[in-house]
Amino acid sequence: MSLLVTAVTWFLLVIFVAISATCSLGVGYLYGRFSQNWSDETVARWTNILTGATGFLAGVVTWVVGNAGLLTPGDGFIDTLVTILASAGAAIVVAVATITAILHANPELPGVDHVPTVRRHYLRYLAVLFVFVFLLASGILTALEGGPVGLVILVLGLWGMAWAGAPLLSGLSSRTRRPTDDERARIHSLLESVDLPVRGFRIVEADDKYLAVELSGAPGGRFLFVSSSALETFDDETLQALLAARREQAAYYEEIISMVPYIVPLIWVVLAVNFEVVSILPAIMVAIVIAAIGLAGVRKFRYYTDSRAGDTVGSETLANAFECAALAAGVDLKDGSRRSLISRTPPLAERIERLRENR
């Protein structure tokens, strides 16, 4: 590929990204305006979906162009690396344009206290997400040359690596720091109260309404990520209940199970098409059914882990903790019963209601 063709391709790609970002600004602004009367839980979910989708579409176009060998004069490792970085870069620019417009049109989004801080948080998260996505896509393209079995092994291997390496990804996608002596003593006491061993813990610095209590990683390498706002906002009883919920989710490997509805349909389509079990369209239809059934099962599994945590700290205490977290984050639970078929978790209002029914 000549340098002239490469230069022209980059020029056209920059124009494409600029146009896509401009369109995303319009889409994000319209969404922000129209979503002002929606329930907080629905708005938060679809904000993430829309932001990710607009960026992903721009990234896919760039990735296709890169894999056609149009971004570098040569090929090999450098060509693949440039394709991954260019695709992720295009996706990040467009996605950030989307979330910027949404926040401008609807600054009262749940969990938003300081718009610039939220935007920076999204930027870090999206950067890690899209680099991983297009790294995975390039790996899958390479694995396809080795046949469907090699592709399945790659997907399962990356799945396991992402699970085990989740603490590293969380640290890269969020601004974290080591706890102070007082924070360390408090967290140690809370972890002991719910019998939750971790390898370490980090404090996440983000927006004042970013109230995170997350457990990440595989057994023996789990890290706890707690936002500074959560430590300031919640009392020990609330934090203890939230930690108990995370402990049960980790004890039953919910993070692994929750990905099954996505991974299994993908493997099914690859194997079914390559071994000519069925044609592509029926294979995709079956995959959609498998994913829908799997997601419904994963949502019910969350009810089970909630119930187990409720047995430890009391169902009413856990329900109150969820309610307190929603209130502090500015999430309205009144319309939270509308369930999303593509969500891995049931509405928080339904989880609270079930806990109170089981007290």
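For the reader, a short list of remarks on this structure follows.
- Cα-based radius of gyration for the stretch 174-356, normalised by 2.2 N^0.38 Å, reads 1.18.
- Note that the stretch 204-287 presents 46 Å² accessible area per residue, ligands and nucleic acids not counted, probe 1.4 Å.
- 14 Å beta-carbon shell around Thr6, net charge (K/R +1, D/E -1): -2
- Once the Cα atoms are used to define both axes, helix 260-274 deviates from the longest principal axis of the chain by about 30 degrees.
- Note on the stretch 245-291 and the stretch 3-60: Cα centroid distance 27 Å, given to the nearest whole angstrom.
- Between helix 280-313 and the chain: long-axis angle, C-alpha atoms, 0 to 90°, nearest 10: 20 degrees
- Nearest 10 degrees, 0 to 90: helix 115-144 Cα axis against the chain principal axis: 50 degrees
- The Cα atoms of the stretch 1-171 give a gyration tensor whose axes a ≥ b ≥ c have a/c of 1.5 or more with a/b no greater than b/c, which makes the shape oblate.
- Largest first, the residues Lys300, Lys209 sort by 1.4 Å accessible area into Lys300, Lys209.
- Listed options for Kirkwood radius over Cα pairs in Å are (i) 22.3; (ii) 24.2; (iii) 21.3. The value calculated from this structure is the one marked (i).
- The chain - mean residue ellipticity at 222 nm from DSSP helices (-39,500 (n - 2.57) per run, n ≥ 4, rounded to 500): -24500 deg cm²/dmol
- Per-residue surface analysis assigns Met161 an accessible area of about 130 Å², computed on protein heavy atoms at 1.4 Å probe radius.
- Carbon plus sulfur fraction of accessible area for the chain, probe 1.4 Å, in percent: 64 percent
- Computed over protein heavy atoms with a 1.4 Å probe, the accessible surface of the stretch 1-171 works out to 50 Å² per residue.
The values are calculated or read from the model by the stated rules, or taken from the named source; none is laboratory data. Values in this document were obtained by computation on a predicted structure and should not be read as measured data. No Cβ is skipped: glycine too gets one built from the backbone with ideal geometry, and neighbour counts run over all protein chains shown. Calculation scope for accessible area: heavy atoms of the full protein, side chains included, ligands and nucleic acids excluded. Shrake-Rupley method; radii C 1.70, N 1.55, O 1.52, S 1.80 Å.
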